[in-house]
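This report concerns only the one structure given below.
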Amino acid sequence: MSMNAVRANIAIIGAGLGGLTAALALQRAGLRPLVLEQAPVLGDVGAGISVTPNASKALISLGLHDGLEQHGQAVPVQEVREGATGRLLKSIDRSDVRERYGAAYYMVHRADLHAMMVAAVRANDPDAILTGQKLASLAMAADGVEMTFDNGTQRRADVLVAADGSRSLVRSQVFGADKAEFTGHVAWRFLVPAGAAPAEALAPGSRVWTGQDRSFVRYAVRGGQLINCVGLTRTGLWRGEGWSQMVSAAEMRPEFEGFMPEVMQLIAAAPGGRVNSWGLFVRPMAESFVQGPVVLLGDAAHPMLPFMGQGAAMAIEDGVVLGRCFAVSANPAEAMARYQAVRLERCRFVLEESALGADRIQQDGADNKRLARNEDSLGIFDYDPATVAI
Ligand SMILES: Cc1cc2nc3c(=O)[nH]c(=O)nc-3n(C[C@H](O)[C@H](O)[C@H](O)COP(=O)(O)OP(=O)(O)OC[C@H]3O[C@@H](n4cnc5c(N)ncnc54)[C@H](O)[C@@H]3O)c2cc1C
């Protein structure tokens with residue numbers, strides 16, 4: 001970053017993976033954004049995340065290659081198996097992923113990725129992130145935005161980047177309130193220490209088991225020390241938005257009754273017999289990502305279901321493209337218009353495919369046509385936000 005840059009008045013609400021990527025990318029463009037995060041302490045949840053090649057390319061363009069190599073595990077193979085029989089339905093060899101897509105496919109602990117990004121943002125500008133700043137309301141000013149935080153602080157910015165997640169306050173205040181709908185999908189998540197996991201679960205790569213209305217995935221993170229486990233099931237029971245809690249693994253077990261022993265053994269090994277469980281909600285994607293001086297990014301713009309593991313990847317792509325747009329534009333309005341033009345269709349496509357993903361994956365039996373429609377065949381990994389035409 002050029003240290004001659006003036007503290008350009010760009011506020012980013014939210015220090016999630018999207019907000020931090022935007023901060024790094026804007027710093028690269030010579031700006032000095034200020035990230036305002038509601039949490040008193042920075043961090044991310046204890047869970048794994050797949051950083052697919054499109055997202056790896058984005059992070060590498062921001063100088064995070066060594067961090068990804070250090071904290072991430074490149075995935076050699078991905079398998080889809082029938083939950084009840086273990087029969088292999090599909091195996092994707094990932095050994096050529098760097099040659100094919102230009103970057104590795106990593107599995108990372110979310111907290112490690114988050115910490116790496118916080119450190120990178122602060123290395124450019126030690127004052128770039130403030131915690132304990134919960135945005136309470138905002139108002140459009142003549143040439144910017146006036147923000148009020150729940151600690152009583154008022155701030156003004158020329159540009160506000162809303163990276164405040166799927167329940168975005170900025171989105172509801174500026175773009176109009178929208179209704180969240182429960183999708184019927186429930187996610188169950190936990191990490192098993194390698195020493196407590198069944199031997200089979202230590203095999204390299206990721207493995208998904210599928211059945212009617214349910215799926216379960218496991219892969220290793222943190223140098224193989226932890227096995228990340230995510231179950232997805234459907235329920236007729238309504239859940240309130242934000243419904244998320246630690247529950248007994250005994251609640252999860254019947255959901256996967258009849259699945260292979262490896263799955264059941266992993267559930268039995270959930271630390272303290274507890275797993276995190278929450279309902280998945282959708283909102284319509286924002287029709288526009290820009291309103292005056294406000295620009296939406298990540299889940300705030302396009303909350304999507306996790307069936308392609310692309311939610312954070314899209315937030316990361318958004319951030320890189322936003323930074324590039326600011327680097328080449330004459331003024332913020334031009335930069336934001338370019339950003340929207342580049343991102344809208346890409347995000348809509350991935351969001352719609354992610355919604356269809358549940359039906360493709362969560363079925364009994366082998367149907368190779370169904371599984372053939374995937375991230376590879378859809379070209380999702382080909383995208384490079386660091387070079388895409390802006
Ligand atoms: C089960 C599951 C598995 C997933 N797996 C993957 C995966 O493997 N790969 C992948 O790419 N994606 C995955 N995702 C999606 C991914 O988690 C999200 O898309 C991603 O975290 C969105 O990032 P974000 O920065 O936009 O929002 P968030 O991560 O939600 O960050 C928003 C930030 O804004 C802050 N904030 C909110 N409101 C305010 C306020 N008023 N004032 C100040 N700060 C505020 C929050 O505290 C938070 O830090 C998964 C999702 C689920 C549910």
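The values are calculated or read from the model by the stated rules, or taken from the named source; none is laboratory data. Small disclaimer: the values here were computed from a predicted structure and weren't measured. Reconstructed Cβ throughout: ideal geometry from the backbone, glycine too, with neighbour counts over all protein chains shown. Protein only, heavy atoms only, side chains kept; ligands, DNA and RNA dropped before computing areas. Shrake-Rupley method; radii C 1.70, N 1.55, O 1.52, S 1.80 Å.
A few remarks follow.
- Count of residues meeting criterion [away from the ligand (no atom under 16 Å from the Cβ) and either free of Cβ contacts under 8 Å to residues at least 24 places away in the same chain or not in a strand (DSSP E or B) (or both)] in segment 266-279: 5
- Criterion: over 26 Å from Arg222 (Cβ atoms), within 16 Å of the ligand (Cβ to nearest atom) and under 21 Å from the mean Cα position of the chain (by Cα) - qualifying residue of Ile60, Ile49, Ile12: Ile12
- Any hit, segment 20-35, residues being open to solvent by less than 10 Å² (accessible area, probe 1.4 Å) and near the ligand (Cβ under 7 Å from one of its atoms): no
Table: residues versus (1) open to solvent by 20 Å² or more (accessible area, probe 1.4 Å); (2) touching a His at 6+ places or on another chain (Cβ under 9 Å); (3) hydrophobic (A, V, I, L, M, F, W, C).
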residue: Gly205; (1), (2), (3): no, no, no
residue: Thr210; (1), (2), (3): no, no, no
residue: Gly223; (1), (2), (3): yes, yes, no
residue: Val247; (1), (2), (3): no, no, yes
residue: Ala250; (1), (2), (3): yes, no, yes
residue: Arg253; (1), (2), (3): yes, no, no
residue: Met260; (1), (2), (3): yes, no, yes
residue: Met264; (1), (2), (3): yes, no, yes
residue: Ser277; (1), (2), (3): no, no, no
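- Matching entry among Phe216, Phe149, Phe182 (being within 23 Å of Ala22 (Cβ to Cβ) and within 14 Å of the ligand (Cβ to nearest atom)): Phe149
- Of residues in segment 176-187 being touching a Leu at 6+ places or on another chain (Cβ under 7 Å) and not β-branched (Val, Ile, Thr), the one nearest to Phe256 (Cα to Cα): Ala187
- Just one of the listed residues (Val282, Val263, Val247, Val321) is within 28 Å of Val170 (Cα to Cα), away from the ligand (no atom under 12 Å from the Cβ) and of a type in the set (Val, Ile, Thr), namely Val321.
- Helices (runs of 4 or more DSSP H) fully within segment 82-186 that include at least 2 residues being small (Gly, Ala, Ser) and surrounded by 14 or more Cβ atoms within 10 Å (Cβ to Cβ): 110-124.
- Flag if Ala313 is crowded, with 24+ Cβ neighbours inside 10 Å and in contact with an Asp or Glu (Cβ under 6 Å, 6 or more places away or on another chain): no
- Residue check for Leu356: within 20 Å of Asp213 (Cβ to Cβ) and surrounded by fewer than 19 Cβ atoms within 10 Å (Cβ to Cβ): yes
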